[in-house]
Structures are given as C-alpha cells and as structure tokens.
1. Residue 72 is checked against (1) out of contact with any strand residue (DSSP E or B) (no Cβ under 7 Å at 6 or more places or on another chain); (2) part of a helix (DSSP H, G or I) and fails just one. What number does that condition carry?
2. Out of region 162-191, which residues are surrounded by 20 or more Cβ atoms within 10 Å (Cβ to Cβ) and more than 22 Å from residue 13 (Cβ to Cβ)?
3. Please work out if residue 129 is at pLDDT 95 or above and surrounded by fewer than 19 Cβ atoms within 10 Å (Cβ to Cβ).
4. For region 17-44, which residues satisfy the criterion of being farther than 30 Å from residue 116 by Cβ and assigned to a strand (DSSP E or B)?
5. If residue 51 satisfies all but one of (1) touching a strand residue (DSSP E or B) at 6+ places or on another chain (Cβ under 7 Å); (2) surrounded by fewer than 23 Cβ atoms within 10 Å (Cβ to Cβ), what's the number of the condition it fails?
6. Can you confirm whether region 244-252 contains a residue that is farther than 30 Å from residue 193 by Cα, exposed (fewer than 13 other Cβ atoms within 10 Å of the Cβ) and touching a residue at least 60 places away in the same chain (Cβ under 8 Å)?
7. In region 87-124, how many are assigned to a helix (DSSP H, G or I) and in contact with a helix residue (DSSP H, G or I) (Cβ under 8 Å, 6 or more places away or on another chain)?
8. Given the condition more than 21 Å from residue 63 (Cα to Cα), out of contact with any strand residue (DSSP E or B) (no Cβ under 9 Å at 6 or more places or on another chain) and modelled with pLDDT under 95, answer yes or no: does some residue in region 182-205 qualify?
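The values are calculated or read from the model by the stated rules, or taken from the named source; none is laboratory data. Every value quoted in this text rests on a predicted model; they were computed, and no experiment measured them. Glycine gets a Cβ as well: all are built from the backbone with ideal geometry, and neighbour counts include every protein chain shown.
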C-alpha cells in the first residue's frame, strides 16, 4: 500500500493515477473525502498533514509514502507528522525543490519562512527519521504558468517580471512518474535510497518564449509586458505571501536571467522515456487559457 498526499493536486493526482496504472494499491489522503473525485480503485481517506493526530488511520498498513508537502502552511506540524509517517511506513519519496542545499556541517540554515527553507526543513526531518528516503527536486512546474491564465483569457497579455528569465519547466506528470518509478521499480534506475534527484523538462525557455508557446496552443497571439520587481513584490504581498517567500521568488527570477535553469536527463534515466516538452504541456492545458 502506498499513501499519496496532496492527492487532489497536480502532482499528487498524477501520482494516484500512475500508481493505479502500475497495479499498485493506492491510498489517497485528503482533508475532505466527500468533496473530491479520484480515479476508481484509489482508497480515499481523511487526514491533514497539518494535524498529525488525524493520520493514524491513513497510515495503517502503509508500506511507502509519496509525500507532497503543503509548503510553509503545515511546517509547524512537520516534526510530528514525519514522526507519525516513520512510525508506520518504511519508504518515502518527497517532492522537494531544486535549490535546496545538501546538508553541510556548519553551513547556515535556510530562512524557515522561505519556500526553500520549508523544503529544507522537511528534508532534514526525513533524513533523521529512520525512513528509507528519496528526494525529488524538480525545477519550476509547467503548471505554475497557470498563474497567467486569467490575464491571457481576459487581455491576451501577460504582465510579469523578467521575461528573459529561462526555465526548464517540468510537466507535473513527469514528477509523478519519477516517484512511481522509484517506489515500484518500474523504470530504469536502481539504488534510489538516499538519492537526491534534480528533475527538469527537456528544454530551457525564457518566459517570453513560454508565453509565445501558450499563444500557439490557444490559437491566438499572447503578448508579454514587463513588470517591475517592485510592483510584482507588492502584488505578492497583497496576496498574503510571507515576505521572505515573496522576496525569494523575485530574486530567483532575476537570477534566471543570467543563470538559466540547466536541463537534466534524470526523468529519462528514472522512467525510461524523455521528459515532456512544454509545448505538449501547453497543448494539453490550452483550455485553461482560453
């Protein structure tokens, strides 16, 4: 039995479907089972990672966990939640993030209020838990471009920062496939315990190029309009972003202008097939932008 958390999200939902396709028993964790629809064959259970006391039934009989963590929002409960998982399961695959530093004695800790700091916290807890672990550290999700969807639908123009920032965006299905491969042995890689895998899409595209590809997918041109970092930061803070996380995001895009995210071959090495191009992702999600 494999427990998938974040089972109603983009990566977790893909993982549920792919584990079922592989013939694996899947238990899907959600805060409100009555409100969700998941593929037939998945056992849907109630539980909340931010409340470890709710997890005993979900973890009963579980061999492995595919962990998608509610970054920042559940960090207060992380020590107890990872302890609860370790009390039942033997193996865990954690969807972390590229940029989380490997542990180095004496190195300064990441800001706990930042996105990378949140992932680093969970990684360290897992490393000390006694679980057999594997960390997936994906680049930016292709699905993050959905934040432009309302602008594209309403105006045909994306207003955002650093159009020249280059990313190797990854399809959420490829992240899930890497985890499925690790936990089921269906892919081409071996010896995953203690591995930290950096995952990326198959090509690097600037944000302007991403917008162009989305326009081609929806069948009409989409323009890019450069936004100043100061205005973008204000917007994130107005949306309720913690200041450290908002500033981290703004800085990350600035760095990707001069230091594009490099492409890795890890998806193909783990799954036996190439990573999905952003053009395919955009075509699959064209309806979201129309």
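1. Failing condition for residue 72: (2).
2. Correct list: 162, 165, 166, 167, 168.
3. So residue 129 fits the description; yes.
4. 43, 44
5. Status for residue 51: all satisfied but (1).
6. No, region 244-252 contains no residue that is farther than 30 Å from residue 193 by Cα, exposed (fewer than 13 other Cβ atoms within 10 Å of the Cβ) and touching a residue at least 60 places away in the same chain (Cβ under 8 Å).
7. 6
8. Yes.
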